[in-house]
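Please treat every number below as a calculation from the coordinates, not as lab data. Everything numeric here is computed off the predicted structure, so don't read it as measured data. Glycine also receives a Cβ, built like all others from the backbone with ideal geometry; neighbour counts cover every protein chain displayed.
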Amino acid sequence: MSTKQRTLELLEKNRGQFLSGAEIAKALNISRNSVWKAIHSLKNEAYQIEAVSNRGYKLTEDNNILSVAGIIPNLLNEDWAANINIFSTLESTNKTAKEMAIQGYDHGTVIIADSQTAGKGRLGRLFHSPSGSGIYLSFILLPESLAFENPTAVTAFAAVAVCEAIETVTEKTPKIKWVNDIFLDGIKICGILTEAISDLENKSFQWIVLGIGINVNTSIDDFPEELRDIAGSIYPDGQIPITRNKLAAALINNILGEPRYGSEQALYEKYKDYLFIIGQKIMVTDRQNTYEATAMDINSVGHLIVKKENGEIVTLVSGEVSIRPQ
Ligand code: BTN
C-alpha cells in the first residue's frame with residue numbers, strides 16, 4: 001500500500017478527529033514531509049481534510065469517496081482488503097469480474113466501480129450507474145467455497161445479505177421483491193445480477209460472478225425520466241449519514257464472512273421474512289406471456305408459487321413479477 005493510501009487508512013480509522021503530523025509520521029514510520037505530501041495529494045483527489053496548526057489533520061465526516069482505505073476499518077477480516085479492487089469507472093463490474101475470473105483471480109475477489117458506463121441489469125436491461133452516489137460491486141465466487149450445496153441459492157443469499165447490510169448500517173428496513181430486487185418504501189433501490197460459467201462436462205459451475213448495484217444517495221433527478229417512478233435510492237434527498245465505504249464493507253462482510261445460515265432451508269426462511277409480495281396481487285411475465293395472479297408462497301428452493309385468476313396454481317422458477325395497483 002502506498003504512503004498516500006496508508007495515510008488515508010489512518011485518517012479513516014480516526015475519521016472526524018485530528019491527528020498531528022508527528023502522530024501520523026510516527027504511526028506510519030515516515031517523515032513529516034512525506035505526511036505533508038500524502039495529505040496534499042489526497043486533497044487533490046477531493047478528500048475533505050481540515051488542517052489546523054497545532055492540532056494537525058482531520059478527515060471530515062462528509063467524505064463519501066469509495067476507497068479500500070475507507071472500507072478496511074469496517075471489515076470483519078482485514079485480509080479481504082488485498083482482494084478489493086476499486087475503479088473510478090468501468091463499463092460493468094460484472095464484465096471486469098468475468099475477465100478476472102478467466103484470468104484465475106480467487107474466490108473473494110471484489111470489483112467496485114464509482115460509476116459504470118454500461119451497467120448490466122437482468123433480462124438485457126441497463127443498470128443506471130451514475131458517479132458519486134451508488135455502490136456497483138461484483139464478487140468472484142467459487143461454488144466449492146460457498147456454504148450451500150446448490151450454487152443457485154447464491155441469489156437468495158445475496159438478496160438477504162444486501163437487506164441485512166442495509167439494516168445494519170442505516171437502520172432502514174428494506175424488502176425483497178422476488179427474485180432479487182431490493183425495495184425500500186415501495187421503490188427499487190438495488191438490483192442483483194448473478195452470472196456463471198458452467199463446466200458442461202461435469203454439469204457444474206466453474207465460478208459465479210455476483211453483481212450488486214445499490215443506489216445509495218442518488219437523487220431522483222439523476223435517474224432517466226422513464227425510471228423515476230420505479231427506481232429510487234436509500235437517501236434520495238442526498239443527506240447521507242453514512243458512507244458508501246461503510247455499506248460496501250457491511251456487504252463484503254455478509255457475503256464473505258462465516259455462513260450465517262445453518263442450512264439452505266434456514267436461508268430461504270430468512271429470505272421469505274424479507275419478501276413483501278406474499279398475499280399480494282401481482283403481474284407475472286414469464287417467457288411466453290404476461291398474466292395476473294396472486295403470490296402465495298415460496299417453496300424450499302426459492303421458487304415462487306402463484307395462483308392464477310382461474311385458480312390454477314403455478315410454480316415459477318424464473319421470470320419477472322410486478323405489484324398490481326390495488
Ligand atoms: C437488475 O436489477 O436488473 C440487476 C442489476 C444489477 C446491477 C449490478 S451493478 C454491479 C454489477 N455490474 C453490472 O454490470 N451489473 C451488476
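Could you please state, rounded to a whole Å, how far the C-alpha centre of the range 103-126 is from the C-alpha centre of the range 302-326? If you average the Cα positions of each part, the centres end up 30 Å apart.
How big, in percent, is the set of alpha carbon pairs in the chain lying more than 32 Å apart? Percentage above 32 Å: 34.
Qualifying trypsin sites (Lys or Arg not before Pro) in the range 34-127, where qualification requires a DSSP coil assignment and no more than 13 other C-beta atoms within 10 Å, comprise 55, 125.
Sites listed here are GluC sites (Glu not before Pro) in the range 10-80 whose DSSP assignment is loop and whose Cβ has at most 15 other Cβ atoms within 10 Å: 45, 61. Ranked for footprinting exposure by Cβ neighbours inside 10 Å, fewest first, 136, 274 give 274, 136. Using only the C-alpha atoms, the convex hull of the range 81-162 corresponds to 115 Å³ per residue. Residues 303, 40 in ascending order of nearby Cβ atoms (within 10 Å, fewest first): 40, 303. As a rough footprinting exposure proxy, the listed residues 80, 36 were ranked by other beta carbons within 10 Å of their own, and the order from fewest upward is 36, 80. Peptide packing for 167-174, 266-273 was compared via the average number of neighbouring C-beta atoms within 10 Å per residue; ordered from the highest value, the list is 266-273, 167-174.
The packing ranking, built from the mean of other Cβ atoms within 10 Å per residue, places the peptides 25-34, 155-164 in the order 155-164, 25-34, highest first. For the chain, hydrophobic long helices are taken as DSSP H runs at least 24 Å long by C-alpha position along their axis with mean Kyte-Doolittle hydropathy of -0.5 or more; these are 153-170. Taken along its principal axes, the alpha carbon cloud of the range 192-300 reaches lengths of 48, 39, 29 Å, longest axis first. Beyond 21 Å in Cα-Cα separation lie the following of the pairs 98/120; 175/272; 13/172: 13/172. Antiparallel beta bridges, as assigned by DSSP with both residues in the chain, represent about 85 percent of the total such bridges. Just how far, in whole angstrom, is the range 8-42 from the range 164-189 if you go by their alpha carbon centroids? With the range 164-189 and the range 8-42 each reduced to a Cα centre, they are spaced 37 Å.
Rounded to the nearest 20, the Cβ-based charge dipole of the chain about its Cα centre (Lys and Arg +1, Asp and Glu -1) stands at 720 debye. Model label sites at residue 296 and residue 46, defined 7 Å from Cα along the beta-carbon direction, differ in position by 5.2 nm. A simple rule links phi to the HN-Hα coupling: the Karplus curve 6.51 cos²θ - 1.76 cosθ + 1.60 with θ = phi - 60°, which for the range 129-135 gives 9, x, 7, x, 9, x, 10 Hz, with x for Gly and Pro.
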